[in-house]
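The values are calculated or read from the model by the stated rules, or taken from the named source; none is laboratory data. Keep in mind it's a predicted model, so treat the numbers as computed, not measured. In this analysis, Cβ positions are derived from the backbone assuming ideal geometry, glycine residues included, and neighbour counts consider all displayed protein chains.
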Amino acid sequence: MAIIVNSSETTFHLCNGEISYLFAVLPNRQLGQLYFGKRIREREDFSYLIETRARPMSSCVFDTDKRFSMEHLRQEYPVFGTSDYRMPAVEVVQENGSRISELCYDGYRIEAGKPKLPGLPATYTEDGAEAETLVIMLRDKVSGLLAELSYTIFSEGGILARSVRFVNEGKKDLKLTTAMSLCLDLPDSDYEWMQFSGAWARERYPKLRKLEQGIQSVGSLRGNSSHNHNPFVILKRPGADESRGEAIGFSLVYSGNFLAQAEVDTYDTTRMLLGIHPAAFEWKLEPGETFQAPEAVMVYTDQGLNHLSQTFHRLYQKRLARGYWRDRPRPILINNWEATYFDFTEERLVEIAKTAQESGVELFVLDDGWFGKRSSEHAGLGDWIANPERLKHGITGLADRIEALGMKFGLWFEPEMVNRDSDLYREHPDWILQTPERHACHGRFQYVLDFSRKEVVDRIYDMMAKILSGAKVSYIKWDMNRSITECYSAALPADRQGEVYHRYILGVYDLYERLTSQFPHVLFESCASGGGRFDPGMLYYAPQGWTSDDSDAVERIKIQYGTSYCYPISGMGSHVSVTPNHQVNRNTPLYTRANAAYFGTFGYELDLNALTEEEQAEVKEQIAFMKENRGLFQFGVFYRLQSPFTHNSSAWMVVSQDKKKAIVGWYRTLNGINLPYTRIRLQGLDPDMEYQIQGDPASHYGDELMNLGLITTDTSSGQAEGEEKMCQDFESRLYILSAAGEGAQR
Ligand code: DGJ
């Protein structure tokens, strides 16, 4: 890893064994982007890459030169209106109303490791040798705006992490109206744009389209990163697939409004922007004030999408997630939500917990409904005090009873919300986000607390900390069940209302930071009606997130498959639920529900007492199996093998770091009759290692399994003979591979 500055201080080359990132100071002192891609050798002078040419109708910078126009140059952190007409990375409104600025190079510094971003989640290093950070100072003389661009290159992986800090060094107020975290101008547009979109209960479906001239974008203006679009996109070369080809992934470490946008100009260059959505953002900078934009992470690969995803997984698992639970296999939990909804008593919960404990479950999670007057969606949010009518011994007593059974106890909160029917709202009706003289819309009959205000966050912290200090709570599920509307804070002046969305998220991060540092052994799981805020920002505080409210196995395979493009398996909350499934009313075999949920944190979302004896016995086996293999599932190397979005059958696999163990998950949606022979080519094995597949007397070398493939042909319906198993709809199988001589795993 190196950051090389050439002798005239005009070219910067960040590189490691895999990538090079190059930019230069242009003749007008603004920064030009030169290259991001596979590692290239260093040279003293890369100026030949700055191509200029006199083009008719161009607006030009220098009085005596027809060639130099910002419109035709690839830039590093562009502004609008000084001969560039594309969407800018930054816009600052000055006191005279001007929006023009010129951010010119004014020095650099290099720091070992990676400095923290104050108040914001970000990737980190554990020692200075893991990464180096280059900080470039850009100054606009007229307005006094300083922009510090940070670039961190890690010693391993094709990763570049970027962020921007602004300082008003002038004497007059400034207003940032655009402050993107990343701009990358690419020399061509021969890319496919891959986004991860959906809605409640069908989050993060991959969508692919060819980049075209004009603007294509995804984003969120909902106050959370949203179910609808994820702050992660991939630009891939046509033909690049899971195992080969070039791609760049762009991920924003942020949980609020975002914009990810590619603009292809009519010369077919591509400008990629990623950051806080400018449409609902303004930030006032008084003289001396600073603004820190969130971190954006770019990953380049020339080895296909699985490699791209694995790079993100490793980074986000090891250097974004933090704390006690980061590297630990996650407890197998049971959550009462789908078992009881709001209809429970302490005794009923203990009954559920008891059977779960006997089956091997390690953690009992009490979901919504335990506090205030919460017996439906209409009341109670904000009153984080146990309801004595339901929990006669309070949270402390219930937690003790669960612990006495030999399990850990976990609890649901929705800290950012309030119902009108709550003591908190009656006491502080002005604590919600609402616009004066305007109607306030509700979502699920609840309102969003103004987390831009410290006193609001303090009050919620006090209530939560009291419960956590007084009871044996080992886990928290932090929910967020509506998006923001009428975003306005009663505590801020008119000219700072554009800051509320971002200040709100800063308040959420502040509460997370305080709770996770005060209670470092508590495992946090983020949630927002399932996957409405499933983003890297949350992963920094909560090492796992509830992936979706859809707990049906067939739907979950799609959701987890799409989610895996950026997020690690250890981050995906995934549970076995009852049939018929509560979201799609589908009946799937119990083993298929487990076979989907193993590729995640694993747990149950049902009352095991309601299962038959055979099913209960099956559950016991599932739990024992997961306990033995969760390290592999959650921390192995994950490969997507066949997509459920394009095939009736799909597959994925995990391989241990030493390649001696692997588990393949194979799933088929609808059964067929007299089907063709089928094989799946595995990945990531040691070609020279001999593997035993559980249940198969023959052994197979890694090169066979990766090139000839694993035979998955079965007796589909109506063909089974004698002892053969008759397959059904929603069939699934695990293939468990161990290096010959290492012993089978189950
Ligand atoms: C939405 C979550 O995603 C569910 O799992 C559950 O916790 C409910 N909220 C409770 O209101």
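Numbers for the structure displayed
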read-out	value
Residues of segment 548-568 classified as touching a helix residue (DSSP H, G or I) at 6+ places or on another chain (Cβ under 6 Å), within 16 Å of the ligand (Cβ to nearest atom) and either acidic (Asp, Glu) or closer than 25 Å to SER243 by Cβ (or both), total	1
Residue match in segment 258-273 (condition: surrounded by fewer than 18 Cβ atoms within 10 Å (Cβ to Cβ), within 20 Å of the chain's Cα centre (by Cα) and over 30 Å from GLU389 (Cβ atoms))	no
Contacts under 7 angstrom Cβ, first residue in segment 585-598 being under 21 Å from ARG630 (Cα atoms), partner among the β-branched types (Val, Ile, Thr), 6 or more apart	ARG593/VAL576; ALA594/VAL576; ALA596/ILE557; ALA597/VAL576
Test: GLY665 is more than 16 Å from the ligand (Cβ to nearest atom), small (Gly, Ala, Ser) and crowded, with 21+ Cβ neighbours inside 10 Å	yes
Segment 137-167, residues that are assigned to a strand (DSSP E or B) and over 30 Å from GLN310 (Cβ atoms)	MET137, LEU138, ARG139, ASP140, LEU145, LEU146, ALA147, GLU148, ARG165, PHE166, VAL167
Complete set of residues in segment 351-387 that are assigned to a helix (DSSP H, G or I) and either within 16 Å of the ligand (Cβ to nearest atom) or farther than 23 Å from PRO331 by Cβ (or both)	ILE352
Among (1) within 25 Å of the chain's Cα centre (by Cα); (2) of a type outside the set (Val, Ile, Thr); (3) within 28 Å of TRP337 (Cβ to Cβ) - the single one LEU641 does not satisfy	(3)
Residue in segment 107-117 that is surrounded by the most Cβ atoms within 10 Å (Cβ to Cβ), counting only those that are in contact (Cβ under 8 Å) with a residue 40 or more places away in the chain and more than 23 Å from LEU259 (Cβ to Cβ)	LYS114
Every residue from segment 517-541 that is within 16 Å of the ligand (Cβ to nearest atom) and in contact with an Asp or Glu (Cβ under 9 Å, 6 or more places away or on another chain)	SER526, CYS527, ALA528, SER529, GLY530, GLY531, GLY532, PHE534
Candidates MET463, MET480, filtered to the one that is in a helix (DSSP H, G or I) and under 21 Å from ALA542 (Cβ atoms)	MET463
Matching residues, segment 712-739, being modelled with pLDDT of 90 or more and small (Gly, Ala, Ser)	SER732, SER738, ALA739
Condition check for ARG459: among the charged types (D, E, K, R) and within 14 Å of TYR488 (Cβ to Cβ)	no
Number of the exception - LEU424 against (1) more than 16 Å from the ligand (Cβ to nearest atom); (2) more than 22 Å from ILE385 (Cβ to Cβ)	(2)
Identity of the residue in segment 185-210, farther than 20 Å from SER226 by Cβ and of a type in the set (Ser, Thr, Tyr), that ends up surrounded by the fewest Cβ atoms within 10 Å (Cβ to Cβ)	SER189
Pairs where the first residue, in segment 263-278, is over 16 Å from ILE234 (Cβ atoms) and the second is at pLDDT below 95 and in a loop (DSSP other than H, G, I, E, B), C-beta under 9 Å, 6+ apart	TYR267/ARG55
Which numbered condition ARG390 misses (of (1) in a loop (DSSP other than H, G, I, E, B); (2) more than 16 Å from the ligand (Cβ to nearest atom); (3) over 28 Å from the mean Cα position of the chain (by Cα))	(2)
Residue check for THR646: of a type in the set (Val, Ile, Thr) and closer than 29 Å to VAL578 by Cβ	no
Any hit, segment 445-457, residues being within 16 Å of the ligand (Cβ to nearest atom), closer than 29 Å to PRO388 by Cβ and either modelled with pLDDT under 95 or part of a loop (DSSP other than H, G, I, E, B) (or both)	yes
Segment 211-232 - residue that is surrounded by 19 or more Cβ atoms within 10 Å (Cβ to Cβ) and among the hydrophobic types (A, V, I, L, M, F, W, C) and, of those, farthest from ALA553 (Cα to Cα)	LEU211
Search result, residues across segment 673-688 that are surrounded by 15 or more Cβ atoms within 10 Å (Cβ to Cβ) and touching a Ser or Thr at 6+ places or on another chain (Cβ under 8 Å)	LEU675, THR678, ILE680, GLN683
Criterion: at pLDDT 95 or above, of a type outside the set (Gly, Ala, Ser) and touching a Leu at 6+ places or on another chain (Cβ under 9 Å) - qualifying residue of GLN616, GLN642, GLN657, GLN634	GLN616
Meets criteria (touching a helix residue (DSSP H, G or I) at 6+ places or on another chain (Cβ under 8 Å) and over 23 Å from SER143 (Cα atoms)) for TYR85	no
Any hit, segment 332-345, residues being under 21 Å from ILE476 (Cα atoms), in contact (Cβ under 8 Å) with a residue 60 or more places away in the chain, more than 16 Å from the ligand (Cβ to nearest atom) and assigned to a loop (DSSP other than H, G, I, E, B)	yes
